[in-house]
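None of the figures in this text is laboratory data; all of them are computed from the coordinates on show. Because the structure is predicted, anything quoted here is derived from the model rather than measured. Cβ: placed from backbone, ideal geometry, glycine included. Neighbour counts: every protein chain shown.
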Amino acid sequence: MQWTDLRSMTAPELLSVVTELGEKKFRAGQIYDWLHKKLVRGTDQITNVSPAFLGRLTEAYPLYGVRREACLSSDLDGTKKYLFRLHDDNVIESVLMPYKHGNSVCISSQAGCRMGCRFCASTLLGLTRNLYPSEMLDQIYSIQEETGQRVSHVVVMGTGEPFDNYDSLCRMIEILSDPKGLGISRRNITVSTCGLVPQIYRFADDLPQVTLAISLHAPNDEMRRKLMPVANRYSMEELMEAARYYTEKTKRRVTFEYSLVRGVNDGKDQARELARRVAGMNCHINLIPVNPISERIFEQPDRSRVDAFAGLLAGNHVQVTVRREMGRDIQAACGQLRKSYVERSGS
Ligand code: SAH
């Protein structure tokens, strides 16, 4: 058995460990229901299974999850940023965004990140470790528990590169979309990658219903390499071919994220070059005015420049939206809350 913690097990795996430990089959279903539907924080809240058996079970397979350490709420739009502590004292961030169509939770897939994108705060301290499926799930579970409101959408766009933690990511999605658990539709789950090409192919084959977003941030290799070290591993051509494979295999639209940095990638020429790059693809471009981070001098373009960039794309028949900035007042860009916390406790 590869997965040794209780909440990372799929229903069939839990069944096999429960029966191996000598309990009746139906106990596995009960425990899975407590863990993934009733969302208990600890096994002491499980009332219809004997504590003696639960003790034996958790001795063999510990129950991992997240513990709320801090929470910041936006007065502007109801966005909440959570800092969670893991069983080994690492901390991670998640964000709740209430929309008209439902509650969306943005989760982290790793503690830290090793991709090194220049404008991103989450990568500044490097990768600490991958998260277990249970730790990804429990970010969603504990937010749903706390708010008392159903989470309807999940985006894997917090700290970390989800395709750098591929197997745990897929297992997490399998459990999250299981009707015996929260049963969140795979179409309502979005995974964002900086562009790990082999995993894009695998993902299209393994989980074709899940929405894919690819962080592009530049219209050509030269500029992309300046912003994202991953561009030295995979060319735009290879990346676009993988994206096309995803759209053809899944019959779904791919999203390209493009963070606009003033004076770097936000000019008219870049907009035109980008439009040529994606011409004819079943795609959508999401423009994100860059969130300045204190460690680097990257600035947001003015609104008029953002609109001009979007206008040029639209004029070239490219579907485009500008991401609404959520939780501006509790911001410090994604990853900064965790970073300041880690630095403070380390000093
Ligand atoms: N590693 C994944 C997911 C995490 S980042 C990825 O790269 O896609 C989610 C998105 O936020 C990515 O598009 C990322 O490039 C973008 N991002 C990171 N830092 C940002 C910043 N300071 N301002 C705007 N967007 C940023």
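Observations
- Cys residues of the chain counted as unpaired, since no other Cys beta-carbon is under 4.7 Å: CYS71, CYS106, CYS113, CYS170, CYS194, CYS283, CYS334
- Placing unit charges on the Cβ atoms of the charged side chains and taking the dipole of the chain about its Cα centre, the candidate lying farthest along the positive direction among VAL105, CYS170, CYS117 is VAL105.
- Cα-projected label distance for ARG187 with ARG225, points at 7 Å along beta-carbon direction, nm: 4.1
- Candidates VAL155, VAL191, VAL18: whichever shows maximal mean-square fluctuation once the chain is modelled as a Gaussian network with Cα springs under 10 Å: VAL18
- Between GLN209 and SER345, full extension at 0.36 nm per residue minus the direct alpha carbon distance yields a gain of 44.9 nm.
- Adding -39500 (n - 2.57) for every DSSP H run of four residues or longer, then dividing by how many residues the chain holds, sets the calculated 222 nm ellipticity at -11000 deg cm²/dmol.
- Entries of LYS24/LYS180; LYS81/LYS339; LYS80/LYS339; LYS100/LYS339; LYS25/LYS180 with Cα pairs more than 23 Å apart: LYS100/LYS339
- For the chain, built as a Gaussian network whose Cα springs stay under 10 Å, the top-fluctuating residue of LYS38, LYS25, LYS80: LYS25
- Here the chain is treated with +1 on each Lys and Arg Cβ and -1 on each Asp and Glu Cβ, and its dipole about the Cα centre works out to around 600 debye.
- Residues of type aspartates and glutamates that LYS37 reaches as a straight line, Cα spacing below 12 Å, ignoring anything fewer than 8 places off in the same chain: ASP138, GLU145, ASP178
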